[in-house]
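These notes are about the structure you will find just below.
All of the numbers you see were taken from the coordinates with simple rules; none came from a lab. These numbers come from a predicted model, not from an experiment. FYI the Cβ positions are ideal-geometry reconstructions off the backbone, even for glycines, and counts take in every protein chain you see.
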Amino acid sequence: MNLYVQVWTGPAHRPTMKTMTDTADLIVVGAGILGLATAWRAHRHGLSVHVIDRADRPVGASIQNFGHACFTAQADDLQDLGAVSADGWAAAAADAGFRASRPGTVLPAVTPVEMQVLEEFHAHRGDDVRLIDRGAVHTMLGNPDLDCVGGAHLPRDMRVNPREAAPALARHLAARGVRFSWRTSVHTVGDGEALTSRGVFHAPQIVVCPGEHLNDTHPDLVTDHDIRTCTLTMALIDRPSGTPADLAMLTGTSMTRYDGIAAMPSVDDLRRELGSREPALTEAIANVMATAVPDGILIGDSHDYDTSPDPFIDAAQSDLLLDRTTRYLGIARPVVRQRWQGRYADSPSTNLVLQHPDDRTTVAVVTSGIGMTLSFGIADLILTGADAPGK
Ligand SMILES: Cc1cc2nc3c(=O)[nH]c(=O)nc-3n(C[C@H](O)[C@H](O)[C@H](O)COP(=O)(O)OP(=O)(O)OC[C@H]3O[C@@H](n4cnc5c(N)ncnc54)[C@H](O)[C@@H]3O)c2cc1C
């Protein structure tokens, strides 16, 4: 298949005693979506895989998010990786029996400047960005009263339920013989050895996907990339019958945040417009968006950056996001079921840390809010030993 499988199957690194209980062809540290996607791809290529996680099930960023695989809005140089990821999501979902659908994303334009940005994005990307009229926006959001000038639909984008996907994939892999060591903290990794709270494990190759916890095993990489934690205010509300069950909505704030759209010439005008029209959202570094899941509608979000964030949710910020999101959806009296603080790794200098500290170790951390979108593509990069796009 590739360089890494060739390395692993070569005589030098092959374990001589396959019966040793603490060996596998590949150890994966972290049972979030990135570690699980890597384990899934490696298992499909016939490798024996051992996944180690400090928790007793996936509870990190991979279940806290929108489940929005938003390929189209990513930067131009991530489009190929997104396509590989999309194929991976579809195949893994079929394999493990969780739902991955492709309803696309709707972006309402509530001002001419927002529409101008979407027109530029359409001119840049062609059919991947379909311009739609006001009536189509109303239908796609289930809100006939939204005051908008039109919008866009991104048909390639996918959706999963984040509370279903990673747990289902872990269960599926365990049932297929992938070994899981839960409640096991990894302290150091190097040269084919993982020192953990439950002993030392060996493998020809070790892939480390610890999300925001990279400091535990690779503090130097944290320093090199200035990695910190991004905290996001999220909520789950009831879904009224009028809101489509496959809703995925981005808005004007999103246009300024996703690299693909944010590269359009009129985005600076939009930033200025949002600064005066929605100063509180601008202050909260908001990305007003929503996706529907079987339990309701996931809404958010705000962004705060810190190396050791406070755990508290700001009630005013949470209410602001609730108000703005439900205005788009025409939900006058939202019923809030849950609120939580989401957390993911962030770096001001890169979207992806993909490093090889030694010949037998790969470290992969998505350092922005796009890990659901690209996880299965990044898993492919990890197993082929390829560099991150743009390098
Ligand atoms: C609120 C929110 C909204 C988001 N929305 C989107 C979205 O719409 N689309 C999108 O593409 N992305 C989104 N993201 C980002 C996405 O969720 C993450 O990029 C992705 O889930 C990261 O996956 P991961 O496997 O790297 O990390 P995680 O899911 O955090 O998993 C890391 C795992 O490693 C384990 N671990 C860490 N350190 C150790 C150790 N030393 N020993 C043992 N185990 C360890 C942890 O227990 C954890 O299970 C969002 C994130 C949040 C928080």
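Working from label points 7 Å from Cα in the Cα-to-Cβ sense, the Ala332 to Gln79 distance is 4.4 nm. Please report the net charge: other residues with Cβ closer than 13 Å to the Cβ of Leu146, K and R +1, D and E -1. With Lys, Arg at +1 and Asp, Glu at -1, the neighbours total -1. Footprinting exposure proxy ranking of Leu232, Leu281, fewest other C-beta atoms within 10 angstrom first, gives Leu281, Leu232. The charge dipole of the range 33-126, taken about its Cα centre with unit charges on the Cβ of Lys, Arg, Asp and Glu (plus for the first two, minus for the last two), comes to roughly 480 debye.
Across the range 368-377, coupling constants 3J(HN,Hα) worked out from phi with the 6.51/-1.76/1.60 Karplus curve, θ = phi - 60°, read 7, x, 10, x, 5, 4, 9, 3, 6, x Hz, and Gly and Pro carry x. Across the range 82-234, the mean sequence separation of Cα contacts (distance under 8 Å, 6 or more residues apart), normalised by length, yields a relative contact order of 20 percent. Ordering Val365, Val267, Val335 by the number of other Cβ atoms within 10 Å of each residue's own Cβ, fewest first, gives Val335, Val267, Val365. When the Cα atoms of the chain are aligned to their principal axes, the ranges along those axes come out at 68, 42, 39 Å in descending order.
With a cut-off of 8 Å between alpha carbons and a minimum separation of six or more residues, what is the relative contact order of the range 296-381 in percent?
Values: 54 pairs, mean separation 17.3, N = 86.
Reported relative contact order: 20 percent.
Less than 5 angstrom separates the built amide H of Met234 from those of Trp340, Gly342, all sequence-distant by 5 or more or on a different chain. Across the range 103-113, rounded Karplus estimates of 3J(HN,Hα) from the backbone phi angles (6.51 cos²θ - 1.76 cosθ + 1.60, θ = phi - 60°) give x, x, 10, 9, 10, x, 10, 9, 9, x, 5 Hz, Gly and Pro being marked x.
Taking other C-beta atoms within 10 Å as the exposure proxy, Ile206, Ile63 rank Ile63, Ile206 from fewest upward.
Residues whose amide H lies under 5 Å from that of Ile52, counting only those 5 or more places away or on a different chain, are Val28, Val29, Gly30, Ser181; hydrogens are built 1.01 Å from N in the peptide plane.
Classify the range 127-275 as rounded, prolate or oblate, taking a ≥ b ≥ c as the square roots of the eigenvalues of its Cα gyration tensor: rounded when a/c is under 1.5, otherwise prolate if a/b is larger than b/c and oblate if not. Prolate, since a/c reaches 1.5 and a/b exceeds b/c.
If each DSSP helix of 4+ residues adds -39,500 (n - 2.57) and the sum is divided by the residues in the chain, what number results at 222 nm, nearest 500 deg cm²/dmol?
Values: 14 runs with 136 residues, N = 391.
Value at 222 nm, helices only, nearest 500: -10000 deg cm²/dmol.
Working from label points 7 Å from Cα in the Cα-to-Cβ sense, the Asp133 to Ala174 distance is 5.3 nm. Between Ala75 and Asp259, Gly260, the built amide H atoms are under 5 Å apart, and every one of these is 5 or more places off in sequence or on another chain.
For the range 117-161, what does the relative contact order come out to in percent, with C-alpha contacts under 8 Å and a separation of six or more? Please list the in-between numbers first.
Details: 44 pairs, mean separation 17.7, N = 45.
Once divided by the residue count of the range 117-161, the mean separation gives 39 percent.
May I ask for the net charge around Gly260, where only other residues with Cβ less than 12 Å from the Cβ of Gly260 are counted and Lys, Arg are +1 while Asp, Glu are -1?
Neighbour charge sum, excluding Gly260 itself: -3.
Rounded, prolate or oblate: which one fits the range 96-185, using the alpha carbon gyration tensor with axes a ≥ b ≥ c (rounded when a/c is under 1.5, else prolate when a/b beats b/c, else oblate)? Note, shape of the range 96-185 comes out prolate.
Here the Karplus relation 6.51 cos²θ - 1.76 cosθ + 1.60, evaluated at θ = phi - 60°, turns the backbone of the range 219-226 into coupling constants of x, 5, 5, 4, 5, 4, 9, 6 Hz, with x for every Gly and Pro.
A protection proxy built from the mean count of other Cβ atoms within 10 Å ranks the segments 369-380, 49-60, 239-250, most packed first, as 369-380, 49-60, 239-250.
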